2 protein chains.
Amino acid sequence: MGEGAVQAQMEALTLATKSGIEWAKYSHRVFIKSILGRPDGGAGLLGHNVRVGGWVKTGRSHEKGRLTFLELNDGSCPANLQVIVEDTVTPDAQLIYTGTCLVVEGELTQPPETAKKQKVELRAQKVLEVGPVDASKYPIAKGRHTLEFLRNLMHLRSRTNTISSVARIRNALAFATHTFFQQNRFVYVHTPIITTSDCEGAGEMFQVTTMFSEAEKREKELASTPAPTEADLEQAKAEVTKCGETVKALKAEKKSKDEIAAAVLKLQTAKDELAKVVERMKLTGGIPKKDKGGFDYTGDFFGRQAFLTVSGQLQVETYACSLSNVYTFGPTFRAENSHTTRHLAEFWMIEPELAFADLQDDMNCAEDYVKFLCQWLLDNCYDDMEFMTKMWDNTALDRLKLVASTPFARITYTQAIEKLLEVKDRTFENPVSWGVDLASEHERYLAEELFQKPVIVYNYPKDIKAFYMRMNDDGKTVAAMDILVPKVGELVGGSQREERYEVLVQRLQELNLPTEPYEWYLDLRRYGTVKHSGFGLGFERMVLFATGLENIRDVIPFPRYPGKAEF
Amino acid sequence: MGEGAVQAQMEALTLATKSGIEWAKYSHRVFIKSILGRPDGGAGLLGHNVRVGGWVKTGRSHEKGRLTFLELNDGSCPANLQVIVEDTVTPDAQLIYTGTCLVVEGELTQPPETAKKQKVELRAQKVLEVGPVDASKYPIAKGRHTLEFLRNLMHLRSRTNTISSVARIRNALAFATHTFFQQNRFVYVHTPIITTSDCEGAGEMFQVTTMFSEAEKREKELASTPAPTEADLEQAKAEVTKCGETVKALKAEKKSKDEIAAAVLKLQTAKDELAKVVERMKLTGGIPKKDKGGFDYTGDFFGRQAFLTVSGQLQVETYACSLSNVYTFGPTFRAENSHTTRHLAEFWMIEPELAFADLQDDMNCAEDYVKFLCQWLLDNCYDDMEFMTKMWDNTALDRLKLVASTPFARITYTQAIEKLLEVKDRTFENPVSWGVDLASEHERYLAEELFQKPVIVYNYPKDIKAFYMRMNDDGKTVAAMDILVPKVGELVGGSQREERYEVLVQRLQELNLPTEPYEWYLDLRRYGTVKHSGFGLGFERMVLFATGLENIRDVIPFPRYPGKAEF
């Protein structure tokens, strides 16, 4: 480290230590949140010297450029620190442009009474670094932009107030998730992303392959050395026949061992040559196909068809049946041609799995988890939640408070159908009757209107649920549950798993599913089977629920959907 | 919840509350760790009644079956609880088989002096649930199995002591990772798994596609309704010509508007029909190709070639340039035909990115992070680490202690080369000279022999590093760094990123890389550019480093490598 750098670091450290402010350990500055996020709004820091870094949100020039007022944001919180730069500190007139990056050092002072948005502002003493912006070209220069517009600027949109608040809320929900499960002694398990099993046909799957690049390599090779022709093949075959006849003849003539051995060797060489020709004739620029039709995946990376996972549940069950409490948190995929505001081709899911737990335990765990997430945001992200509530959804904070503090309603599917059939003041688009799955409009009616809080619907008809869900004693329903919440509808789906070997095999047969691909899953029931349950929470749904935003493409950094996979 | 279940839950809760033991909230039992993991080894709990669940590790029958001794494990810790079942409690002789699942309730009592491995054992009063095992078929019945053998039983191997310890250590390292970065106010960002950009050609990529399933759908459709023939095409063309001539004729004859309109309509219908035929003729069971050769991806899910990410770095930089401190933790992929003990096709990586930070800051952050991980395991996973040390690598615990407490050595690449050239007592397989990359043997020599602790090598020749690394003033080296550790060699690789627009463009040109795919990345330098740095830590490498195991396939639940993607 150069001497200058050491000195700069020492100075910054001294500044921060003297001021008693939280130090951004690896970047020679203090976080703006550690000033403005204090209970006193920073008032207790008046007179202290600090160094901050960040980007200009807005800038104004006063007194013919003698004074520049900058709103500086470093991403640590939604609030900006007002920075005042006199032209004696730097004459740089470019600082005022939105997006300019600055590192600046100065004294925390009291704003004038007349302009007191915040308890402190920073009087610059040194401008240490500037990353300028050409305001005429900057695509998100000053002004408010629609979320739709920003979706075409995915590499810059985290610089806006909304998307950066969403990023911090998303971060908080992710860490809250780990904290909740770790506190309850669940073990985090990384289930595979590339998979060769299909979780109950949960949806269309993406295929993972190296066959295209292999085909392109072959195409290149063929371009340089062409494949053999039919004539080459005939010639190679003729050579084998000739050598074979020679061997036969020598044997018939009872020639010496050495002579015969030499001829046999020649025959083998001819055979090898023929095999090579046959092999090379198969080389095409295309994708190999099986003789009986269909693609031939034996040459693919994994020697078979492989896909992107749609759920880690089946795999994580193997760990639940030994570590007892486990969870996954990873990306999942659906190759569905869906253009709605609620679906993505790539999204993140949390899937806990609990041994020794039945459906009631599962509901208890899921309810506690969702409540924990809401309380966590209230405790750790209040400023961002206030921002989202003000700008996007004035019910967002109240919704969090409600969910954090109110027991969820719980009704069986059968009761839910009864409730829906009682509705007289409207007509649902999707008809209601026992045996059909609840549509989004039904789910939202139950959560938003009837109960006005989260509601857990459980014991669904077996015919609309997956094979692995535990059969109830009535023979008609399975021990499944969904948590429906205001704003987004279904947030959680879970079930007790069928732990009885014979019942599970029977279910597979009923559904005409082959048992062979599930032998490993059946092994969990064959050897030391255990009552167990689990659920899945769609992480982006939870971020939508918290932020109050409408479009799922705005709550994941780089959304993937049909036709779109930028960067 | 049935009445019986409610009562069972109440009883279990009462038991746990009375005993003051940590309660497994959602499964009516106490964790074995909360008994045996206490500082007193559970001695303070003598006389308390508890309920536990778990799987039998080993069982023995005594006094002609009057007494059964079971070692029960529930995955919460490596230690087993000894459970003693009298035949008056249950006459079930099957309990003793390895792998049997049990829920059992009883009193914690003092073991006899003669057999005192642990401070407490459980005298069963009730056996509530049994998941039996047919010992003659159970693939991992009693006895020790090699890790290689277990790799063919991926769904059962977490039931072994080693793989469950690895799972808990892995879990602890994951949570420690989040804790470290959250404590330092880094925002967790989910970078995309499916990507259309290539991080500096970090390696061969898997392609993600729906083209095979689409081709198969078309094949099915063609099987039911064959594609049109050339004759069909000619006929459709003739019809268009005929209708066109009719229109022309009618116009020439100045017929009525209605008459002409009718003929125009007929022409349009004929044209539509022709278009359909042309479209359907394109249907083949194969993968579409472009006229100029090469596959045509316009019909693929994303309308272009898409891949599995090899690194989230470039994408996460977009968030660092607004939120200042960020990190990723997600799966990454390499489609390399590599069969070593150090490579996987799917692995997890942590990639922090720090704004306002130079290479020294980057090294400080990476060093603190690795130290934090080691200390975390000492604080939170000592029992598992003791097990691994005893069974697999007697230096494992000492290595953690060393790394947690000793400053890492830091030398430039140039110094490292000098040190390696000074080595006289052996010959390296890979020749050493300034400008070549360090091979594994060099890395391990530096970390294991010369420094005998982690060593950070920095300022590498630009020609062996990626385009985005910041050019040093010498014009020959870039601000890159690798952390080399005993046991695994390279654990971390990082760099300061080139934040100067012109220099970055020049680097791209030098390397003959097109700028177009990097325009978005260049935008980060065009608008409010900021000094920033980051690094990547291979998570499985860290688990190898901690556990002391040799093969990376044993430290991830479901390893993927050429020819293998089970489940």
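The values are calculated or read from the model by the stated rules, or taken from the named source; none is laboratory data. This structure is a prediction, so every number in the text was calculated from the model and none was measured. Neighbour counts run over all protein chains shown; Cβ positions are idealised from the backbone, glycine included. Only protein heavy atoms, including side chains, enter the accessible area calculation; ligands, DNA and RNA are left aside. Shrake-Rupley method; radii C 1.70, N 1.55, O 1.52, S 1.80 Å.
Please verify whether the range A:487-501 includes one or more residues that are in contact (Cβ under 8 Å) with a residue 40 or more places away in the chain, within 14 Å of another protein chain (Cβ to nearest Cβ) and part of a loop (DSSP other than H, G, I, E, B).
Checking the range A:487-501: not a single residue is in contact (Cβ under 8 Å) with a residue 40 or more places away in the chain, within 14 Å of another protein chain (Cβ to nearest Cβ) and part of a loop (DSSP other than H, G, I, E, B).
Select, from A:334, A:410, the only residue that is more than 15 Å from residue A:542 (Cβ to Cβ) and in contact with a Gly (Cβ under 6 Å, 6 or more places away or on another chain).
Values: A:410 fails: in contact with a Gly (Cβ under 6 Å, 6 or more places away or on another chain).
Exactly one of A:334, A:410 is more than 15 Å from residue A:542 (Cβ to Cβ) and in contact with a Gly (Cβ under 6 Å, 6 or more places away or on another chain), namely A:334.
The conditions are (1) within 11 Å of chain A (Cβ to nearest Cβ); (2) under 23 Å from residue A:307 (Cα atoms), and residue B:223 fails exactly one of them. Which is it?
(2)
Specify which of the listed residues (A:178, A:145, A:155) is at the interface with another protein chain (Cβ under 10 Å from one of its Cβ atoms) and assigned to a loop (DSSP other than H, G, I, E, B). So that I can check it myself, show each step before the final result.
Details: A:178 fails: assigned to a loop (DSSP other than H, G, I, E, B); A:145 fails: at the interface with another protein chain (Cβ under 10 Å from one of its Cβ atoms).
Every option except A:155 fails the conditions.
Among the residues of the range A:406-455, count how many are in a helix (DSSP H, G or I), among the aromatic types (Phe, Trp, Tyr) and in contact (Cβ under 8 Å) with a residue 40 or more places away in the chain. Talk me through it step by step, then tell me what you get.
Filtering the range A:406-455 for residues in a helix (DSSP H, G or I) gives A:413-422, A:440-450.
Subset that is among the aromatic types (Phe, Trp, Tyr): A:413, A:445.
Cutting the leftovers down to in contact (Cβ under 8 Å) with a residue 40 or more places away in the chain gives us A:413.
Number satisfying all stated conditions: 1.
Inspect all residues belonging to the range A:38-59 and state whether any of them is in contact with a strand residue (DSSP E or B) (Cβ under 9 Å, 6 or more places away or on another chain), acidic (Asp, Glu) and farther than 22 Å from residue B:326 by Cα. Reasoning before the result, please.
Of all residues in the range A:38-59, those in contact with a strand residue (DSSP E or B) (Cβ under 9 Å, 6 or more places away or on another chain) come to A:42, A:45-59.
Then keep just the ones that are acidic (Asp, Glu); that gives none.
Within the range A:38-59, not a single residue is in contact with a strand residue (DSSP E or B) (Cβ under 9 Å, 6 or more places away or on another chain), acidic (Asp, Glu) and farther than 22 Å from residue B:326 by Cα.
Give all pairs with beta carbons closer than 9 Å in which a residue from the range A:139-166 that is closer than 14 Å to residue A:557 by Cβ meets a residue that is at pLDDT below 95 and among the aliphatic types (A, V, I, L, M); count only pairs at least 6 apart in sequence or on separate chains.
A:150/A:140; A:153/A:140; A:156/A:140; A:157/A:140; A:159/A:140; A:160/A:140
Just wondering, is there one or more residues in the range A:397-404 that are at pLDDT 95 or above and farther than 30 Å from residue A:533 by Cα?
Looking for residues that are at pLDDT 95 or above and farther than 30 Å from residue A:533 by Cα, one finds at least one in the range A:397-404, hence yes.
Here are B:541, B:526: which of them is within 13 Å of chain A (Cβ to nearest Cβ) and open to solvent by 10 Å² or more (accessible area, probe 1.4 Å)? Spell out how you get there, then give the answer.
Values: B:541 fails: within 13 Å of chain A (Cβ to nearest Cβ).
Step by step, each of B:541, B:526 is checked, and only B:526 is within 13 Å of chain A (Cβ to nearest Cβ) and open to solvent by 10 Å² or more (accessible area, probe 1.4 Å).
Here are some conditions: (1) away from chain B (no Cβ under 14 Å); (2) charged (D, E, K, R); (3) more than 13 Å from the chain's Cα centre (by Cα). Residue A:516 meets all but one. Which one does it not meet?
Of (1) away from chain B (no Cβ under 14 Å); (2) charged (D, E, K, R); (3) more than 13 Å from the chain's Cα centre (by Cα), only one is false for residue A:516: (1).
Table: residues versus (1) in contact with an Asp or Glu (Cβ under 8 Å, 6 or more places away or on another chain); (2) within 30 Å of residue B:347 (Cβ to Cβ).
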| residue | (1), (2) |
| --- | --- |
| A:265 | no, no |
| A:271 | no, no |
| A:289 | yes, no |
| A:293 | yes, no |
| A:320 | yes, yes |
| A:333 | yes, yes |
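Can you pull out the residues in the range A:544-556 that are open to solvent by 10 Å² or more (accessible area, probe 1.4 Å) and part of a loop (DSSP other than H, G, I, E, B)? Working first, answer last.
Here is the first cut: in the range A:544-556, the ones open to solvent by 10 Å² or more (accessible area, probe 1.4 Å) are A:550-551, A:553.
Hits for the range A:544-556 are A:550, A:551.
Hey, residue A:65 hits all of (1) farther than 30 Å from residue B:182 by Cβ; (2) without any contact (Cβ under 8 Å) to a residue 40 or more places away in the chain; (3) in contact with a Gly (Cβ under 8 Å, 6 or more places away or on another chain) but one; which does it fall short on?
Unmet condition: (3).
Just checking, how many residues over the range B:181-210 are assigned to a helix (DSSP H, G or I), more than 7 Å from every other protein chain (Cβ to nearest Cβ) and open to solvent by 10 Å² or more (accessible area, probe 1.4 Å)? Full working, then the answer.
Residues of the range B:181-210 that are assigned to a helix (DSSP H, G or I), as a first pass: B:181-183.
Restricting the remaining residues to those that are more than 7 Å from every other protein chain (Cβ to nearest Cβ) gives B:181, B:183.
Next, from what is left, pick out any that are open to solvent by 10 Å² or more (accessible area, probe 1.4 Å): B:183.
Number satisfying all stated conditions: 1.
List the strands (runs of 3 or more DSSP E) inside the range A:299-405, counting only whole elements, that have at least 2 residues being more than 10 Å from chain B (Cβ to nearest Cβ), open to solvent by 10 Å² or more (accessible area, probe 1.4 Å) and touching a Leu at 6+ places or on another chain (Cβ under 9 Å).
On the way: elements: A:306-308, A:325-333, A:346-355.
Output list reads A:346-355.
Being open to solvent by 80 Å² or more (accessible area, probe 1.4 Å) and either among the acidic types (Asp, Glu) or more than 30 Å from residue A:299 (Cα to Cα) (or both) is the filter here, so list the residues in the range A:258-271 that pass it.
Matches in the range A:258-271: A:258, A:259, A:265, A:266.
Restricted to the range B:211-257, and to residues that are modelled with pLDDT of 85 or more and part of a loop (DSSP other than H, G, I, E, B), which residue is surrounded by the fewest Cβ atoms within 10 Å (Cβ to Cβ)?
B:254
Restricting to the range B:40-63, give me the number of residues that are closer than 18 Å to residue A:185 by Cβ and either in a strand (DSSP E or B) or modelled with pLDDT under 90 (or both).
Restricting attention to the range B:40-63, the residues satisfying the condition of being closer than 18 Å to residue A:185 by Cβ are B:42, B:45, B:50-55.
Adding the requirement that they be either in a strand (DSSP E or B) or modelled with pLDDT under 90 (or both) leaves B:50-55.
Total meeting the criteria: 6.
Per-residue answers, yes or no, for (1) surrounded by 23 or more Cβ atoms within 10 Å (Cβ to Cβ); (2) over 39 Å from the mean Cα position of the chain (by Cα); (3) of a type in the set (Phe, Trp, Tyr); (4) at negative phi:
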position: A:96; (1), (2), (3), (4): no, no, no, yes
position: A:101; (1), (2), (3), (4): yes, no, no, yes
position: A:120; (1), (2), (3), (4): yes, no, no, yes
position: A:129; (1), (2), (3), (4): no, no, no, yes
position: A:132; (1), (2), (3), (4): no, no, no, yes
position: A:144; (1), (2), (3), (4): no, no, no, yes
position: A:149; (1), (2), (3), (4): no, no, yes, yes
position: A:154; (1), (2), (3), (4): no, no, no, yes
position: A:167; (1), (2), (3), (4): yes, no, no, yes
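Return the residues of the range A:502-523 that are open to solvent by 10 Å² or more (accessible area, probe 1.4 Å) and either among the hydroxyl-bearing types (Ser, Thr, Tyr) or touching a residue at least 60 places away in the same chain (Cβ under 8 Å) (or both); say none if nothing qualifies.
Quick first cut of the range A:502-523, residues open to solvent by 10 Å² or more (accessible area, probe 1.4 Å) only: A:502-503, A:505-506, A:509-520, A:523.
Within the range A:502-523, A:515, A:517, A:518, A:520 qualify.
In the range B:452-486, what residues are under 30 Å from residue B:550 (Cβ atoms) and either among the small types (Gly, Ala, Ser) or open to solvent by 30 Å² or more (accessible area, probe 1.4 Å) (or both)?
First, the residues of the range B:452-486 that are under 30 Å from residue B:550 (Cβ atoms): B:452-458, B:460, B:464-466, B:480-486.
Answer for the range B:452-486, where residues must be under 30 Å from residue B:550 (Cβ atoms) and either among the small types (Gly, Ala, Ser) or open to solvent by 30 Å² or more (accessible area, probe 1.4 Å) (or both): B:452, B:453, B:458, B:464, B:465, B:466, B:480.
In the range A:280-298, what residues are open to solvent by less than 20 Å² (accessible area, probe 1.4 Å) and in a strand (DSSP E or B)?
The answer is A:295, and nothing else.
Mind counting the residues in the range B:22-39 that are within 21 Å of residue A:364 (Cβ to Cβ) and either part of a loop (DSSP other than H, G, I, E, B) or in contact with a Lys or Arg (Cβ under 6 Å, 6 or more places away or on another chain) (or both)?
Initially, the range B:22-39 is screened for residues within 21 Å of residue A:364 (Cβ to Cβ), giving B:22-31, B:34.
Then drop every residue that is not either part of a loop (DSSP other than H, G, I, E, B) or in contact with a Lys or Arg (Cβ under 6 Å, 6 or more places away or on another chain) (or both), which leaves B:22, B:25-29, B:31.
So the count comes out to 7.
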